[in-house]
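The next block holds one structure in the form of structure tokens; read it before the comments.
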Amino acid sequence: MVAYEFYRLNPTGGYEIIGVLPEKRKNSARITQQSIMNWGEKMFGKELDTKDIFFIQVMMDEKTSRIYRPVPYTITQKEI
């Protein structure tokens, strides 16, 4: 299953994970980067500056909830 790991930029440098949301929508036409960000901001952005939130798409095993990240797993400043 597709899921999204949400991160926030840490004021002291770097980033930290704030949560994981599994994709449940069946209609793939409704899945856009903006809709994913809106969902993340709604779930995690209440006390955070939303410009400091970003996500990466990952795969999650439904039985074990294990998360598989893209290889190589890097986040560049440009992606943020």
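The values are calculated or read from the model by the stated rules, or taken from the named source; none is laboratory data. Keep in mind it's a predicted model, so treat the numbers as computed, not measured. Glycine also receives a Cβ, built like all others from the backbone with ideal geometry; neighbour counts cover every protein chain displayed.
Points to keep in mind about this one:
- Scanning segment 1-46 for residues that are closer than 20 Å to T64 by Cα and among the charged types (D, E, K, R) turns up E5, E23, K24.
- Here segment 1-15 is the region considered, the condition is being part of a strand (DSSP E or B) and modelled with pLDDT under 90, and the residue that is surrounded by the fewest Cβ atoms within 10 Å (Cβ to Cβ) is Y15.
- Condition check for K46: farther than 13 Å from V2 by Cα, modelled with pLDDT of 85 or more, out of contact with any strand residue (DSSP E or B) (no Cβ under 7 Å at 6 or more places or on another chain) and among the basic types (K, R): no
- Within segment 53-68, the set of residues being closer than 21 Å to N10 by Cα and either basic (K, R) or surrounded by fewer than 15 Cβ atoms within 10 Å (Cβ to Cβ) (or both) comprises Q57 only.
- Residue count, segment 1-18 (criterion: touching a helix residue (DSSP H, G or I) at 6+ places or on another chain (Cβ under 8 Å) and closer than 11 Å to L48 by Cβ): 4
- Search result, residues across segment 27-70 that are part of a strand (DSSP E or B) and either in contact with a Pro (Cβ under 9 Å, 6 or more places away or on another chain) or of a type in the set (V, I, T) (or both): I53, I56, Q57, V58, M59, M60, I67
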